[in-house]
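Below: the structure, in structure tokens.
The values are calculated or read from the model by the stated rules, or taken from the named source; none is laboratory data. The model shown is predicted, which means the values in this text are computed figures rather than measured ones. Cβ placement follows ideal geometry from the backbone for every residue including glycine, while neighbour counts extend to all protein chains displayed. These accessible areas exclude ligands, DNA and RNA; they are computed on the full protein's heavy atoms, side chains included. Shrake-Rupley method; radii C 1.70, N 1.55, O 1.52, S 1.80 Å.
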Amino acid sequence: GEEVAQTPKHLVRGEGQKAKLYCAPIKGHSYVFWYQQVLKNEFKFLISFQNENVFDETGMPKERFSAKCLPNSPCSLEIQATKLEDSAVYFCASSRWTGPDTQYFGPGTRLTVL
Amino acid sequence: AQSVTQLDSQVPVFEEAPVELRCNYSSSVSVYLFWYVQYPNQGLQLLLKYLSGSTLVKGINGFEAEFNKSQTSFHLRKPSVHISDTAEYFCAVSDFNKFYFGSGTKLNVKP
């Protein structure tokens, strides 16, 4: 598609529950990025993929967060045992290549942990 | 390491007035700079980008930005704003792996 698609739009979880977010990048884009936007509007980089391979995972809280990009499937970001501080908007972005290429952002998934 | 500072968290301005949104960066590598706009409950939309060449970059919706290497700045400008420009604006610097975003500036255009 011509736009990055993210589902669901909103997700509500009780503390300790699992949350799974999905992202379909623009067709032909090889790189996928996940960012977390918290209440103060700061964007935190989480992880990036080159096709199905992890490219950079320096931002991932590895204890509870995991992500995958499998062939012919949407990419996913999973949070095991959610905590209150995981409440944020999670954005997915894609680009044709890395480096200074424009990243195209999806509309985001708002995760609320109660 | 790369970082971006947007000193103004909010900028109120009247319709048809000019506006400048400030962005300063620090980078230890080659500099690639971007401005994105975020409308309420939406994702980020690219306004413009500087990769190389002319330091004055023109973008969509009448916005432009000037790359100033000596002042490590990439300020965004528009000569005459509209109500529809009300949104949050994010400056970002790219290394070869990811973007680093500023904390955003809320532009509030008043009639």
Heavy atoms only, probe 1.4 angstrom, no DNA, RNA or ligands counted: give me B:L51, B:L21 ranked by accessible area, highest first.
B:L51, B:L21
Return the distance in nm (one decimal) between the two label points of a simple spin-label model at B:N41 and B:H82, each offset 7 Å from Cα along Cα→Cβ.
2.2 nm
Between A:E57 and A:E3, how many nm apart are label points set 7 Å from Cα along the C-beta direction?
3.1 nm
Normalised per residue, the volume inside the convex hull of the alpha-carbon atoms of the protein assembly as shown in Å³ amounts to 121 Å³
Where a ≥ b ≥ c are root eigenvalues of the Cα gyration tensor, a/c under 1.5 meaning rounded, otherwise prolate if a/b exceeds b/c and oblate otherwise, the range A:5-113 counts as prolate
So if R0 is 41 Å, what FRET efficiency would B:K106 and A:N72 give, r being the distance between their Cβ atoms, rounded to the nearest 0.05?
0.55
Cross-link partners of B:K106 among aspartates and glutamates (Cα-Cα below 20 Å; sequence separation of 8 or more within a chain):
A:E42, B:D8, B:E15, B:E16, B:E20, B:E64, B:E66, B:D85, B:E88
Would you work out which of A:L84, B:V57, A:T98 lies farthest towards the positive end of the dipole of the protein assembly as shown? Charges go on Cβ: Lys and Arg +1, Asp and Glu -1.
A:L84
Using a Förster distance of 41 Å, how high is the FRET efficiency between A:A81 and B:K69, based on the Cβ-Cβ distance and rounded to 0.05?
0.35
Run the simple label-point estimate for A:K20 and B:E20 please: 7 Å along Cα→C-beta, distance reported in nm.
5.1 nm
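Counting other Cβ atoms within 10 Å, which GluC sites (Glu not before Pro) in the range A:1-62 have at most 15 and lie in a DSSP loop?
A:E2, A:E3, A:E15, A:E42, A:E52
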For chain B, go through all pairs of different Cα atoms, get the mean of 1/r, take its inverse, and jot down that Kirkwood value in Å.
13.9 Å
Loop-located trypsin sites (Lys or Arg not before Pro) in the range A:1-69, at most 10 other Cβ atoms within 10 Å (DSSP)
A:K9, A:K27, A:K40, A:K62
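Go through B:K49/B:K78; A:K44/B:K69; A:K27/B:K49; A:K20/B:K98 and tell me which ones have a Cα-Cα distance over 18 Å in this structure.
A:K44/B:K69; A:K27/B:K49; A:K20/B:K98
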What FRET efficiency do you get for A:T112 and B:V11 if R0 is 22 Å and r is their Cβ-Cβ distance, rounded to the nearest 0.05?
0.15
